[in-house]
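Participant: Encoded as C-alpha cells, here's the structure I'll be asking about.
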C-alpha cells in the first residue's frame, strides 16, 4: 500500500556504512513517489568527474573527500521539501588539523535545516558483516578498527538526528513504512533545527 502524502520537508537517513540507508531509500520511493532521491555518494562521484569513492579517497585523501561531501550536502540541503537524502556513513564527520575525525556541525546543521534526520541505529557487528570486503568502500582508517570508529561516531549520529530508529530485526519493508510514518507524524510542521 502506497503512502501518498506530499512531504513538506526533506527526509534524511543517516547511519553507519552497511546500515541499509540506500535499500531503505529505494523502498521509501516505492511507497511514496512524491520524493526525489539524492544519494550523496553518487553526487560526490559526479562532482569528482565520475571517479569512484576509493579513487577520490586515493587522490584527495579523506580530508579532500569530506570537503567535497560538505559541498554536496550544502547544495542538496537547499531543497526546501521533497528530497530523500541518502547519506554516506561518514556524513557526520570532518577531519581536524591532525587528521582525526570530529563531529561536523556544519553538515549536521545543513541537513537539519530543511530536513527531518533519522539515524538508522544498528549494532557494530551487523554493520561490519554488511560492509566487510566491499570494494566500493575504502578503509576508514589504518590505525583504528571499524568497531572503534563506529562507536566513536554513534553519539555524533545521535546529535545530528531528530530521532533515532533502532532497526533491530525488522524487515526493510517494515522499516521503510515506519520511517514514513514517523516522518509524516513528526516532520509535517515547522522545521526543527
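The values are calculated or read from the model by the stated rules, or taken from the named source; none is laboratory data. Because the structure is a prediction, the values reported are computed rather than measured. Cβ atoms come from the backbone with ideal geometry, glycine included; neighbour counts cover every protein chain shown.
Participant: Would you confirm whether or not segment 54-61 contains a residue that is outside any strand (DSSP E or B), at negative phi and in contact with a strand residue (DSSP E or B) (Cβ under 6 Å, 6 or more places away or on another chain)? Give the steps one after another, and end with the answer.
Facilitator: Filtering segment 54-61 down to residues outside any strand (DSSP E or B) leaves 54-61.
Right, trim to at negative phi and you get 54-60.
Of the ones still in play, those that are also in contact with a strand residue (DSSP E or B) (Cβ under 6 Å, 6 or more places away or on another chain) are none.
Within segment 54-61, none of the residues are outside any strand (DSSP E or B), at negative phi and in contact with a strand residue (DSSP E or B) (Cβ under 6 Å, 6 or more places away or on another chain).
Participant: Condition first: at pLDDT 90 or above, surrounded by 17 or more Cβ atoms within 10 Å (Cβ to Cβ), assigned to a helix (DSSP H, G or I) and out of contact with any strand residue (DSSP E or B) (no Cβ under 6 Å at 6 or more places or on another chain). Now tell me which residues in segment 100-124 satisfy that.
Facilitator: Residues of segment 100-124 at pLDDT 90 or above: 100-122.
The next check asks that each one be surrounded by 17 or more Cβ atoms within 10 Å (Cβ to Cβ); those that pass are 101, 103-104, 107-108, 110-112, 114-122.
Those still in the list that are assigned to a helix (DSSP H, G or I) too: 107-108, 110-112.
107, 108, 110, 112 - these are the residues of segment 100-124 that are at pLDDT 90 or above, surrounded by 17 or more Cβ atoms within 10 Å (Cβ to Cβ), assigned to a helix (DSSP H, G or I) and out of contact with any strand residue (DSSP E or B) (no Cβ under 6 Å at 6 or more places or on another chain).
Participant: Among the numbered criteria (1) on the phi < 0 side of the Ramachandran plot; (2) at pLDDT 95 or above, which single criterion is violated by residue 4?
Facilitator: (2)
Participant: Across segment 8-34, what is the number of residues that are farther than 15 Å from residue 111 by Cβ and outside any helix (DSSP H, G or I)?
Facilitator: So in segment 8-34, the residues farther than 15 Å from residue 111 by Cβ come out as 8, 16-20, 22-24, 26-34.
Still in the list and also outside any helix (DSSP H, G or I): 8, 16-20, 32-34.
Qualifying residue count, segment 8-34: 9.
Participant: Next question, about the same structure. Any residue in segment 65-77 that is buried (at least 16 other Cβ atoms within 10 Å of the Cβ), within 18 Å of the chain's Cα centre (by Cα) and part of a loop (DSSP other than H, G, I, E, B)?
Facilitator: Yes, some residue in segment 65-77 is buried (at least 16 other Cβ atoms within 10 Å of the Cβ), within 18 Å of the chain's Cα centre (by Cα) and part of a loop (DSSP other than H, G, I, E, B).
Participant: Looking only at segment 88-99, count every residue that is in a loop (DSSP other than H, G, I, E, B) and in contact (Cβ under 8 Å) with a residue 40 or more places away in the chain and tell me the total. Full working, then the answer.
Facilitator: Quick first cut of segment 88-99, residues in a loop (DSSP other than H, G, I, E, B) only: 88-92, 96-99.
Checking the rest, the ones that are also in contact (Cβ under 8 Å) with a residue 40 or more places away in the chain come to 88-92.
Of the residues in segment 88-99, 5 are in a loop (DSSP other than H, G, I, E, B) and in contact (Cβ under 8 Å) with a residue 40 or more places away in the chain.
Participant: Would segment 125-143 turn up any residue that is within 17 Å of residue 16 (Cα to Cα), touching a strand residue (DSSP E or B) at 6+ places or on another chain (Cβ under 9 Å) and at pLDDT below 90?
Facilitator: Of segment 125-143, the ones within 17 Å of residue 16 (Cα to Cα) are 125-141.
When the remaining residues are screened for being touching a strand residue (DSSP E or B) at 6+ places or on another chain (Cβ under 9 Å), the result is 140-141.
The next check asks that each one be at pLDDT below 90; those that pass are 140-141.
Within segment 125-143, one or more residues are within 17 Å of residue 16 (Cα to Cα), touching a strand residue (DSSP E or B) at 6+ places or on another chain (Cβ under 9 Å) and at pLDDT below 90.
Participant: If a residue has to be farther than 27 Å from residue 27 by Cβ, in contact with a helix residue (DSSP H, G or I) (Cβ under 9 Å, 6 or more places away or on another chain) and touching a residue at least 60 places away in the same chain (Cβ under 8 Å) to count, how many in segment 46-87 make the cut?
Facilitator: Number of matching residues: 1.
Participant: Is it true that residue 191 is surrounded by 13 or more Cβ atoms within 10 Å (Cβ to Cβ), modelled with pLDDT under 95 and more than 22 Å from residue 57 (Cβ to Cβ)? Let's see the steps before the verdict.
Facilitator: Details: surrounded by 13 or more Cβ atoms within 10 Å (Cβ to Cβ): yes; modelled with pLDDT under 95: yes; more than 22 Å from residue 57 (Cβ to Cβ): yes.
The answer is yes for residue 191.
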